[in-house]
Amino acid sequence: MIIDWFVLLRNIGFTFATLMLVKYYIFLIISPFYPLKEKFRKIKVIRKHACKKFEPLVSIIIPAWNEEIGVVKSVKSLLNSTYDKFEIILVNDGSTDSTENVCNSFIKLQSKDDQNKIIYSYKQNGGKGSALNHGILKSSGEIIVTMDADSVFDKYALENLVEYFKDPKINAVVGNVKVSNNNTLIGYLQQLEYLFGFYYKRTHAVLDAEYIFGGACAAFRRENTFDKYGLFDTENKTEDIEMSMRLKYNGVNSTYAENVICYTEGASNIYGLVNQRLRWKKGRFDTFIKYRRMFFSLDKRHNKFLSFFILPFSLLAEIQLFFEPIALTLLVTYSIISGDYLSLALGNLFVFVIYLVNAFFSHSKFNIKLVFNFFFSWSLFYILVWIEYLALVKSLQMIIRGEDVEWQNWQRVGVSEVIL
């Protein structure tokens with residue numbers, strides 16, 4: 001009888017796993033074509049608009065709440081940019097630490113030219129969405145960039161970003177975010193997670209289905225986004241996901257910019273990571289409910305790959321996650337009892353393929369170090385599974401109770417060097 005239950009649960013788990021494998025194999029097959037598509041897109045843009053000079057004013061909005069440790073590094077990274085036509089809108093959202101003094105002291109030490117590029121503004125605490133909206137209203141740029149105060153931009157990021165907006169069809173761009181603090185196990189796991197996750201955005205870009213413009217590094221053509229469809233939703237604590245879905249719902253074209261690199265600070269401990277993922281999941285569920293008509297939509301404004309594949313599989317992944325910790329434990333137990341390790345072996349093989357494909361295509365040359373990392377790091381991802389599971393359960397409880405999450409803040413250590 002017990003064996004029968006094991007077989008049933010194993011088959012259910014195998015069905016979920018098979019569906020997710022189909023998704024990720026499709027992603028792994030399509031993603032390597034991203035550079036080719038980008039090359040053809042750029043050639044097309046050059047042919048049509050070669051004679052037009054395009055040097056728009058770029059406004060970077062940095063919302064800061066208790067960011068005394070990292071905010072100066074964020075601003076410094078922008079001042080070192082190879083693109084010169086920009087302004088920084090630094091919004092202090094009612095910080096209770098020394099963010100105010102740190103910002104003012106730093107600005108006073110800058111040259112006159114750099115001081116003129118920085119607009120510092122203090123406001124009463126209203127949350128991240130409110131701070132972003134405050135900054136947008138104070139900005140003058142044709143291109144609006146959102147940036148977290150615990151992040152730094154590569155010096156070529158703005159220059160590369162502007163190249164994408166030379167294409168008049170592109171109205172929103174999401175950059176390539178890398179986690180920098182990897183001197184802890186949690187930091188290292190997040191770094192690998194971001195590496196793989198952003199690699200899959202290549203597929204979104206190839207199929208014109210990019211739909212999450214994360215707040216750490218996202219850009220918008222003002223007249224075709226905020227001017228048409230409004231500012232960030234201050235009621236949704238994942239205001240970036242809500243804005244992303246709102247724009248996709250209205251048929252706004254977007255893409256992923258792999259060479260627009262932003263380094264961000266991940267959560268420094270498990271408690272911070274759980275709170276971060278709780279905010280993400282709660283906000284995503286709220287957003288999916290709000291824009292539920294996009295699922296399996298026949299509306300001409302909606303990308304069919306997004307409506308019929310990416311969004312449904314996003315929900316399927318959450319359903320799978322709800323049963324995964326228990327199912328995985330039972331699967332391992334069943335394998336030990338029965339001596340049938342085929343399912344575990346196939347799962348490990350798939351994870352190895354993910355490492356291998358990323359090692360070949362996510363860098364300019366083959367990254368042998370990433371392949372070797374597989375042998376001791378793949379099993380550590382089950383830590384993230386449990387963290388995601390806790391966040392999922394808590395977010396469902398909050399939905400049932402009608403509760404909401406707050407703008408989380410964890411102990412900052414500052415952005416450090418990236419080694420992957």
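The values are calculated or read from the model by the stated rules, or taken from the named source; none is laboratory data. Just so we're clear, the structure is a prediction, and the values are computed from it rather than from any experiment. Don't worry about glycine lacking a Cβ; one is built from the backbone with ideal geometry, like all the others, and counts go over all protein chains shown. Ligands, DNA and RNA are stripped out before the accessible areas are found, and what is left, the full protein with its side chains, is counted by its heavy atoms. Shrake-Rupley method; radii C 1.70, N 1.55, O 1.52, S 1.80 Å.
Hey, how many Å between the Cα centroid of segment 61-115 and the Cα centroid of segment 180-250? After rounding, the separation between the Cα centres reads 22 Å. Rounded to the nearest 500, the helix-only mean residue ellipticity at 222 nm of the chain stands at -17500 deg cm²/dmol, with each DSSP H run of n ≥ 4 adding -39,500 (n - 2.57). Within the accessible surface of the chain, defined with a 1.4 Å probe on protein heavy atoms only, the carbon and sulfur portion equals 61 percent.
A convex hull fitted around the alpha carbon atoms of the chain yields 148 Å³ per residue. GNM remark for the chain: springs join alpha carbons under 10 Å apart, and the peak mean-square fluctuation among PHE288, PHE375, PHE360 falls on PHE375. With N counted as the residues of segment 251-363, its alpha-carbon radius of gyration over 2.2 N^0.38 Å works out to 1.42.
Summing Lys and Arg as +1 and Asp and Glu as -1 over all other residues whose Cβ lies under 12 Å from the Cβ of GLU100 gives a net charge of -3. Between the exposed loop cleavage positions of the chain, defined as GluC sites (Glu not before Pro) in a non-H, G, I, E, B DSSP state with at most 14 neighbouring beta-carbon atoms within 10 angstrom, the longest gap is 1-234.
Averaged over its residues, segment 20-75 has an accessible area of 56 Å² per residue, based on protein heavy atoms and a 1.4 Å probe. Please go through the residue pairs LYS138/LYS281; LYS44/LYS201; LYS42/LYS155; LYS248/LYS365; LYS128/LYS178; LYS23/LYS365 and name each one whose alpha carbons sit more than 29 Å apart in this structure. Over 29 Å apart, Cα to Cα: LYS138/LYS281; LYS248/LYS365. Of the trypsin sites (Lys or Arg not before Pro) found in segment 276-369, those that fall in a DSSP loop while having at most 12 other beta-carbon atoms within 10 Å are LYS300, ARG301, LYS365. Electrostatic tally near SER139: other residues with Cβ closer than 11 Å to its Cβ, Lys and Arg +1, Asp and Glu -1, net 0. Normalised by 2.2 N^0.38 Å, with N the number of residues, the alpha-carbon radius of gyration of segment 184-335 equals 1.14.
For segment 67-138, applying the loop criterion from DSSP together with a ceiling of 15 other beta carbons within 10 Å to the trypsin sites (Lys or Arg not before Pro) yields LYS85. Projected onto planes of every orientation and averaged, the convex hull of the alpha-carbon atoms in segment 113-270 covers 10.2 nm². Take every pair of alpha-carbon atoms less than 8 Å apart whose residues are at least six positions apart; their mean separation over the length of segment 258-374 yields a relative contact order of 10 percent.
The convex hull defined by the C-alpha atoms of segment 173-216 has an orientation-averaged projected area of 3.1 nm². Rolling a 1.4 Å probe across the protein heavy atoms gives segment 199-292 an accessible surface of 31 Å² per residue. Projecting the Cα atoms of GLN190, SER335, SER59 onto the charge dipole of the chain (Cβ charges, centred on the Cα centre) puts SER59 farthest toward the positive pole.
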